[in-house]
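A.B. asks: First, the structure itself, so that you have it in front of you.
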């Protein structure tokens, strides 16, 4: 596994495959429904990272509820591990615009 956050790390965006529970929760536009969606997505992303990567070797910065994705700082090797994880659709390195 990757050596963790360090000089070889970068920010990556991870987007998940279709999830019927996510879609069900997303369809509920009430305040309670939006809160449940936020909690569900954040836990889902945290659980994925905990299952695939070593503790304290990455830093998730945010969950994107609108697209079922998240941003995480990690190494290229860790990004490769996430690309092959079940439920992951895309892992892309953030590219700064100049």
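A.B. asks: Name every residue in the range 27-64 that is over 23 Å from residue 10 (Cβ atoms), in contact (Cβ under 8 Å) with a residue 12 or more places away in the chain and in contact with a helix residue (DSSP H, G or I) (Cβ under 7 Å, 6 or more places away or on another chain), in order of residue number.
C.D. replies: 37, 40 - these are the residues of the range 27-64 that are over 23 Å from residue 10 (Cβ atoms), in contact (Cβ under 8 Å) with a residue 12 or more places away in the chain and in contact with a helix residue (DSSP H, G or I) (Cβ under 7 Å, 6 or more places away or on another chain).
A.B. asks: Condition check: under 19 Å from residue 18 (Cα atoms), buried (at least 19 other Cβ atoms within 10 Å of the Cβ) and touching a residue at least 60 places away in the same chain (Cβ under 8 Å). Does residue 82 satisfy that?
C.D. replies: Values: under 19 Å from residue 18 (Cα atoms): yes; buried (at least 19 other Cβ atoms within 10 Å of the Cβ): yes; touching a residue at least 60 places away in the same chain (Cβ under 8 Å): yes.
Yes: the conditions hold for residue 82.
A.B. asks: To continue, here is another question. Suppose the filter is closer than 21 Å to residue 93 by Cβ, surrounded by 13 or more Cβ atoms within 10 Å (Cβ to Cβ) and either modelled with pLDDT of 95 or more or in contact with a strand residue (DSSP E or B) (Cβ under 8 Å, 6 or more places away or on another chain) (or both); does residue 41 pass it? Break it down stepwise before answering.
C.D. replies: On the way: closer than 21 Å to residue 93 by Cβ: no; surrounded by 13 or more Cβ atoms within 10 Å (Cβ to Cβ): yes; either modelled with pLDDT of 95 or more or in contact with a strand residue (DSSP E or B) (Cβ under 8 Å, 6 or more places away or on another chain) (or both): yes.
Spelling it out, it is not the case that residue 41 is closer than 21 Å to residue 93 by Cβ, surrounded by 13 or more Cβ atoms within 10 Å (Cβ to Cβ) and either modelled with pLDDT of 95 or more or in contact with a strand residue (DSSP E or B) (Cβ under 8 Å, 6 or more places away or on another chain) (or both).
A.B. asks: Against the definition (in contact (Cβ under 8 Å) with a residue 60 or more places away in the chain, surrounded by 16 or more Cβ atoms within 10 Å (Cβ to Cβ) and more than 13 Å from the chain's Cα centre (by Cα)), how does residue 75 come out, yes or no?
C.D. replies: So residue 75 passes the test.
The values are calculated or read from the model by the stated rules, or taken from the named source; none is laboratory data. On a predicted model such as this, the values are computed, not experimentally measured, just so you know. Virtual Cβ from ideal backbone geometry, glycine too; neighbours counted across all protein chains shown.
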